[in-house]
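Single-structure report; data block below.
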Amino acid sequence: MARPRPTRLQLAQAAYAAYGGATGGLNFRGDPMPEWDDLGGVIQHAWLTAVQEVEQLLLSPPPAPRTPETDTD
């Protein structure tokens, strides 16, 4: 049986926890990271927005193959 897809909130919390795991539990200032519930609405919203953007990238159709006619790099 397939596992249910996690909610955006669950993904945001997991991403926040992974960030903490990668930084030793420190934020960008080097201070200890608060628990998710202590972040406040603005920061929680920022993590949710980041997850939403990643979801959009994952669900977007792949880019068209590059050809000599479309390759401008």
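Which ones in segment 15-26 are in a helix (DSSP H, G or I), surrounded by 13 or more Cβ atoms within 10 Å (Cβ to Cβ) and of a type outside the set (Ser, Thr, Tyr)? Those that are in a helix (DSSP H, G or I), surrounded by 13 or more Cβ atoms within 10 Å (Cβ to Cβ) and of a type outside the set (Ser, Thr, Tyr): Ala15, Ala17, Gly20. Among residues of segment 42-55 that are over 14 Å from Thr7 (Cα atoms), none has a Cβ under 6 angstrom from a residue that is surrounded by fewer than 13 Cβ atoms within 10 Å (Cβ to Cβ) at a sequence gap of 6+ or on a separate chain. For segment 27-37, the criterion of being surrounded by fewer than 10 Cβ atoms within 10 Å (Cβ to Cβ) and assigned to a helix (DSSP H, G or I) is satisfied by at least one residue.
The numbers here are math on the coordinates, done by the rules we state, and not lab data. Please read all numbers here as calculations on a predicted model, not as lab measurements. Cβ atoms come from the backbone with ideal geometry, glycine included; neighbour counts cover every protein chain shown.
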